[in-house]
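*Asks:* Take this structure, written in structure tokens, and hold onto it; I'll ask about it next.
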Amino acid sequence: MNRFAPLFFLASLACTGEDPIINQLYPELTISPLEYDFGEVVVDYTETVTFEVINTGRAPLDISSITFADGGLGVYTVEPVEILDLPWRDDEDQNRAEITVSFTPSTYLGYIDMLLLETNEEGNPTTEIPITGLGGDGPTPDIDLDSLTVDFGEVIPPQSSVVAVEIRNVGDGPLTIDRTEQHESGDFIIPFSLGGTVIAPGNSYP
């Protein structure tokens, strides 16, 4: 007779008419690091830090805005600035994104601001991340050219002429040339790119 007891219990529950218990799922923001100090950065130079944002909840996480409490103070910028939507999936790699913050001090001062993330996280719609940095002094390059104008004189077609310009680094830090370009007339060309060339302090490059 006891073997019928479980069936009777289940039938009794079904007849009570009680509402089923539903557990609501919420997004949850996890970010690393929780604060960041750039330390001392040479004035007019840029340092960056990347924050990893992870949705560790069980529902989609929406980051509606990424701003600074004091507007970045003219030295902090953030990428990306668009809305981030982080779904929840079993694959954690799909639940994360990156936010890059840059610091370019303009004076020899300390800068304190707060990175603000507006989200749909339950009970915590605004996440605050302290950001600090100091403008400092250090070795810096200083580019100098032996001539600011290149004059080829008279060149009779189809002949060609080559003129060299010497690039000097008169600063006290390494000078890196990102790229070289020539605009306007197609009659002039730069035979080779200096992109990636590093000129030591006191040295020159033709």
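Rule-based calculations on the coordinates, nothing more; no lab input. As the structure is a computational prediction, the values presented were derived from the model and not from experiment. Cβ atoms come from the backbone with ideal geometry, glycine included; neighbour counts cover every protein chain shown.
*Asks:* Along the charge dipole of the range 138-193, pointing to its positive end and built from +1/-1 on Cβ of Lys, Arg, Asp and Glu, which listed residue (Pro157, Gly186, Pro174) has its Cα farthest out?
*Replies:* The one lying farthest along the dipole's positive direction is Pro174.
*Asks:* Under a Cβ-Cβ cut-off of 14 Å, what is the net charge of the residues other than Ser147 that fall near it, where Lys and Arg count +1 and Asp and Glu count -1?
*Replies:* -3
*Asks:* What does the charge count near Ser204 come to, summing +1 for each Lys or Arg and -1 for each Asp or Glu among other residues with Cβ under 12 Å from its Cβ?
*Replies:* Surrounding charge for Ser204 is -2.
*Asks:* Give me the percent of DSSP beta bridges within the range 98-169 that run antiparallel, rounded to the nearest 5.
*Replies:* So the antiparallel bridges amount to about 100 percent of the total.
*Asks:* Relative contact order, percent, of the range 91-178 when contacts are C-alpha pairs under 8 Å separated by at least 6 residues?
*Replies:* Reported as a whole number, the value is 25 percent.
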